[in-house]
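Step one of this worksheet: look at the structure below.
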Amino acid sequence: MAARLRTVGAVPKEQDLYSGAGADFYDRLVGPDRAEIREMLALAREAEGPILDVAAGSGRLTVPLVRSGKRVTAIDLSDDMLSRLRRTLPDHTMLECVVGDMRDFSLPQRFGLVIIGATSITLLDSVGRSLLYANVRRHLAAQGVFAFTVAGAASAESFSVSRDCEIEVPGPDGTERYLFSQQVEEDGAARVVNWVRVADLAEGGEVTVLTSRLRVLDHEILSRELVDAGFAVPAASAVRTLGGEDIILLTTTWAGHSEAMDADASR
């Protein structure tokens, strides 16, 4: 990507992938993806009480959950992403949108199901994940379920290699070509992904580079973290996908006693 920018003398302008123009692109990139929805709906059918969708984005999981009759609180750090969810379900009585950080939020209720989709947990480093687990513990009902997804072995392997390619992304007037660059850092523990619209690679112009930094994690690491945080050993199951992506769903409950949870929540 750097070489392509240099070739045309383009000046990169960094833009977070989940806000502003990045939110629009990300919504187009992942919005059509139906992965995880079947599994989350199955968990929702068994859940008692409301559902908390963490890092909900534009509502790829929230929308089908609400339409199935579930009451959902959607929390996301980006109000730009949540604004798309609000437009999809305007003034819906079963939906509450909350702008907040998944590492630090406080809501006035417990949830029968807490979910994180799109492998969004990889946005957090180990300290951030520890804070997330504590937040989930405080907001999970006594018999509630915590479920989230992470890349399986095959997908995780592709995340550990730096690469560049061009990808077609749905656009308002047909597909658009984007240059995708993945840079692996910290001896394979993290990756920085960047996206540039090919049509923007004009001579000497300013080019928006949509970027995000993610951790490279597998379900075994996360399973150990969950147990250390006081959760039961999670069940791991494969998510069915149309494109053959390797995604693992981890499902767990709080391993402590409900009395301990009540005391923790009152602090």
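The values are calculated or read from the model by the stated rules, or taken from the named source; none is laboratory data. Here the structure is a predicted model, which is why all the values come from computation and not from measurement. When we count neighbours, we look across all protein chains shown, and the Cβ atoms used for this are built from the backbone with ideal geometry, even at glycine.
Structure above, values below:
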| item | result |
| --- | --- |
| Some residue of segment 198-212 being touching a strand residue (DSSP E or B) at 6+ places or on another chain (Cβ under 8 Å), within 23 Å of I248 (Cβ to Cβ) and free of Cβ contacts under 8 Å to residues at least 24 places away in the same chain | no |
| Qualifying residue in segment 76-86 (condition: more than 18 Å from D24 (Cα to Cα) and either touching a residue at least 12 places away in the same chain (Cβ under 8 Å) or not hydrophobic (A, V, I, L, M, F, W, C) (or both)) | no |
| Hits in segment 216-236 (condition: at pLDDT 95 or above and not in a helix (DSSP H, G or I)) | A229, G230, F231, A232, V233, P234, A235, A236 |
| Criterion: in the same structural domain as G112 (by TED's automatic domain parsing), at pLDDT 95 or above and in a strand (DSSP E or B) - qualifying residue of T211, T252 | T252 |
| Meets criteria (under 25 Å from V136 (Cβ atoms), in contact with a strand residue (DSSP E or B) (Cβ under 8 Å, 6 or more places away or on another chain) and surrounded by 15 or more Cβ atoms within 10 Å (Cβ to Cβ)) for V184 | no |
| Filter pass, V114 being within 19 Å of L222 (Cα to Cα), at pLDDT below 95 and outside any loop (DSSP other than H, G, I, E, B) | no |
| Options S83, S78, S58: the member that is assigned by TED's automatic domain parsing to the domain that holds A238, surrounded by fewer than 18 Cβ atoms within 10 Å (Cβ to Cβ), under 23 Å from L210 (Cβ atoms) and within 18 Å of the chain's Cα centre (by Cα) | S83 |
| Pairs where the first residue, in segment 94-111, is in the same structural domain as R67 (by TED's automatic domain parsing) and in contact (Cβ under 8 Å) with a residue 12 or more places away in the chain and the second is among the aromatic types (F, W, Y) and surrounded by 15 or more Cβ atoms within 10 Å (Cβ to Cβ), C-beta under 8 Å, 6+ apart | V98/F105 |
